[in-house]
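For reference, the structure discussed in these notes is given below.
The values are calculated or read from the model by the stated rules, or taken from the named source; none is laboratory data. Given the structure is predicted, the values throughout are model-derived calculations rather than measurements. We place every Cβ from the backbone using ideal geometry, glycine too, and count neighbours over all the protein chains shown. Heads up: the accessible areas ignore ligands, DNA and RNA and are worked out on the full protein's heavy atoms, side chains in. Shrake-Rupley method; radii C 1.70, N 1.55, O 1.52, S 1.80 Å.
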Amino acid sequence: MRAIEDLAQSLANGQITSRALVEEALARIADPAGEGARVFITVHAEQARAAADAVDTARRVGLPVSRYAGIPIALKDLFDIAGQPTPAGSKVLADSPPARANAPVVQRMLDAGFVAMGRVNMSEFAFSGLGINPHYGTPSSPWDRGSARIPGGSSSGTAGAVADGMTAAGLGTDTGGSCRIPAAFCGVVGYKPTARRVSINGVLPLAPSLDSVGPLAPTVACCAVIDAILAGEDPIVPIPAPLSGLRLAVPENVVLDGMDATVAAAFDRALTELSHAGAHITRVKFAAFEAILAANTRGGFAASEAYAWHRKLLADKGAGYDPRIRVRIARGEHMSAADYLDLVAERPRIVAEFNASTRDFDCVLMPAVPIVAPRIAALDDEREYNRVNMHVLRNPALGNFLDRCAISIPCHRPGDAPVGLMLMGETMGDARLFRIAAAAEAVLA
């Protein structure tokens, strides 16, 4: 995996062409020994070649182009692309009317010159942290591929495309961890911004109260560049913050429960290395975490808001849904308006409590996911599917409820099972979080 800045420099220096990058990407997608057939739902081969040729011609004749023009990216299947339906990993919307315009986040990436290689796979309607999709197949994690392990979801295809070099980066969405979970399971970086910074217009919703759009990419700097583009800001490579004296909080409750030995060892090593680099690590019990679990017992925002969007489609085409997704969405039918209004009222109180408890810290650290990627076949049982799904969503979903920015960076040793270290920043503290994450990445590399 080459970093976006490296690719941009090679393109600017004439060491490589966009067409060469696109052809390399297409070859990896088409490789029968790889996961391209399950990672990509639709490949835009000819459009990508045409876009690459246009960029190369512009550079060759000296026309001004964006620094990132010609770099291949993947788009999750729930973003509107003009002239195409937006199936969101489903079959029931495959024949829906085509989008009239690109989603703003897609348009911003295209305006920056990135080349869209196609639409990539995802958990159906983004309603699972596992990445299993019975309609289009489930791409396996790059780790222990012979055992066919889950990629994480819901942005499964985006993570797979980046991890296997089919694209340089990609866009995902994150409602309860859908950028960070697959990043952790596939050994890449996944970012969830402060939600309000990036438009969700033209993005098929899961729960608008929690939905956010973020990048998956090889490095923290790659994610910072793409995040800035998505937010309409000038892209800047973050300067790593000095680790010496940083105050890092490690929660003692909720987020460490049920960790497997591999994740525990990688997490402990990461804390030790950050401490040796000068960071001050404090163990803290956050009452807000318990309050979030209690507030969500009645169904939470995801089930209620998803059901509101899906109820008519369920009535007409419910038989076409993955049954495990249909059941989860249908939970929202039983949540009363009073329960929902109670949840809406409770959220700001919990957020304020957590903000007060983290006032003296620069960042909160936890495992992105408490387990390594399980085998796909082990989740055929519905009860096990539901248990593991809730387990992997638990930690990252806290950041969505709390309206925080958060990032997962790899913290495992080369050759070991991928493990993600999650850093949670403050609301609207995205720039600061990127600087801290860049410093942590350098120490843990």
Among residues of the stretch 310-325 being under 22 Å from the mean Cα position of the chain (by Cα) and part of a helix (DSSP H, G or I), the residue surrounded by the most Cβ atoms within 10 Å (Cβ to Cβ) is Ile325
In the stretch 285-292, is there at least one residue being in contact with a strand residue (DSSP E or B) (Cβ under 6 Å, 6 or more places away or on another chain) and either loosely packed, with under 15 Cβ neighbours inside 10 Å or among the hydrophobic types (A, V, I, L, M, F, W, C) (or both)? yes
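State which residue is farthest from Leu248 (Cα to Cα) when the search covers only the stretch 418-437 and only residues that are among the small types (Gly, Ala, Ser) and open to solvent by less than 10 Å² (accessible area, probe 1.4 Å).
Taking the stretch 418-437 as the starting set, the residues that turn out to be among the small types (Gly, Ala, Ser) are 420, 425, 429, 431, 437.
Subsequent filtering for residues that are open to solvent by less than 10 Å² (accessible area, probe 1.4 Å) retains 420, 425, 437.
Details: Gly420: 17, Gly425: 10, Ala437: 12 Å.
So, considering only residues that are among the small types (Gly, Ala, Ser) and open to solvent by less than 10 Å² (accessible area, probe 1.4 Å), the one farthest from Leu248 (Cα to Cα) is Gly420.
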Scanning the stretch 206-258 residue by residue, the ones that are under 30 Å from Tyr307 (Cβ atoms) and open to solvent by 30 Å² or more (accessible area, probe 1.4 Å) total 4
Here the residues within the stretch 326-340 that are out of contact with any Leu (no Cβ under 9 Å at 6 or more places or on another chain) and outside any helix (DSSP H, G or I) are Ser336
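Here is a yes/no grid of residues against (1) touching a strand residue (DSSP E or B) at 6+ places or on another chain (Cβ under 6 Å); (2) at pLDDT below 95; (3) not small (Gly, Ala, Ser):
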site	(1), (2), (3)
Asn102	yes, no, yes
Gly131	no, no, no
Tyr136	yes, no, yes
Gly172	yes, no, no
Gly202	no, no, no
Leu206	no, no, yes
Leu210	no, no, yes
Val213	yes, no, yes
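Can you pull out every residue in the stretch 369-380 that is of a type in the set (A, V, I, L, M) and surrounded by fewer than 16 Cβ atoms within 10 Å (Cβ to Cβ)?
So the first thing to find is which residues in the stretch 369-380 are of a type in the set (A, V, I, L, M), and the list is 369, 371-373, 376-379.
Once the filter is applied, which keeps residues that are of a type in the set (A, V, I, L, M) and surrounded by fewer than 16 Cβ atoms within 10 Å (Cβ to Cβ), the stretch 369-380 yields Ala377, Ala378.
Could you tell me how many of the residues in the stretch 46-90 are touching a residue at least 24 places away in the same chain (Cβ under 8 Å) and not polar (S, T, N, Q)? Walk me through how you get there before you give the answer.
Pass one, the stretch 46-90, residues touching a residue at least 24 places away in the same chain (Cβ under 8 Å): 47-49, 51-53, 55-56, 59, 65-81, 84, 86-90.
Now restrict to residues that are not polar (S, T, N, Q): 48-49, 51-53, 55-56, 59, 65, 67-81, 87-89.
Qualifying residue count, the stretch 46-90: 27.
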For the stretch 197-204, state whether one or more residues are more than 27 Å from Arg375 (Cα to Cα) and open to solvent by less than 10 Å² (accessible area, probe 1.4 Å).
yes
**Request:** Could you please let me know if Ala279 is modelled with pLDDT of 95 or more, farther than 24 Å from Arg359 by Cα and surrounded by 13 or more Cβ atoms within 10 Å (Cβ to Cβ)?
**Result:** no
For this session: Taking Val263 as the residue in question, decide whether it is in a loop (DSSP other than H, G, I, E, B), open to solvent by less than 10 Å² (accessible area, probe 1.4 Å), out of contact with any Ser or Thr (no Cβ under 9 Å at 6 or more places or on another chain) and modelled with pLDDT of 95 or more.
Result: no
Considering only helices (runs of 4 or more DSSP H) wholly within the stretch 2-119, the ones with at least 3 residues that are open to solvent by 10 Å² or more (accessible area, probe 1.4 Å) are 4-12, 18-30, 45-60, 104-111
Kindly establish whether Gly232 is modelled with pLDDT of 95 or more and either hydroxyl-bearing (Ser, Thr, Tyr) or under 28 Å from Ile292 (Cβ atoms) (or both). no
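Given the criterion out of contact with any strand residue (DSSP E or B) (no Cβ under 8 Å at 6 or more places or on another chain), closer than 30 Å to Ala438 by Cα, of a type outside the set (A, V, I, L, M) and open to solvent by 50 Å² or more (accessible area, probe 1.4 Å), identify the matching residue among Arg383, Arg359.
Values: Arg383 fails: closer than 30 Å to Ala438 by Cα.
From the options Arg383, Arg359, the qualifying one is Arg359.
Per-residue answers, yes or no, for (1) of a type in the set (S, T, N, Q); (2) within 28 Å of Ala88 (Cα to Cα):
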{"position": "Glu252", "(1), (2)": "no, no"}
{"position": "Val255", "(1), (2)": "no, no"}
{"position": "Gly258", "(1), (2)": "no, no"}
{"position": "Ala261", "(1), (2)": "no, no"}
{"position": "Thr282", "(1), (2)": "yes, no"}
{"position": "Ala287", "(1), (2)": "no, no"}
{"position": "Leu314", "(1), (2)": "no, yes"}
{"position": "Ala319", "(1), (2)": "no, yes"}
Flagged in the stretch 143-162 as without any contact (Cβ under 8 Å) to a residue 40 or more places away in the chain and at positive phi, in numbering order, are none
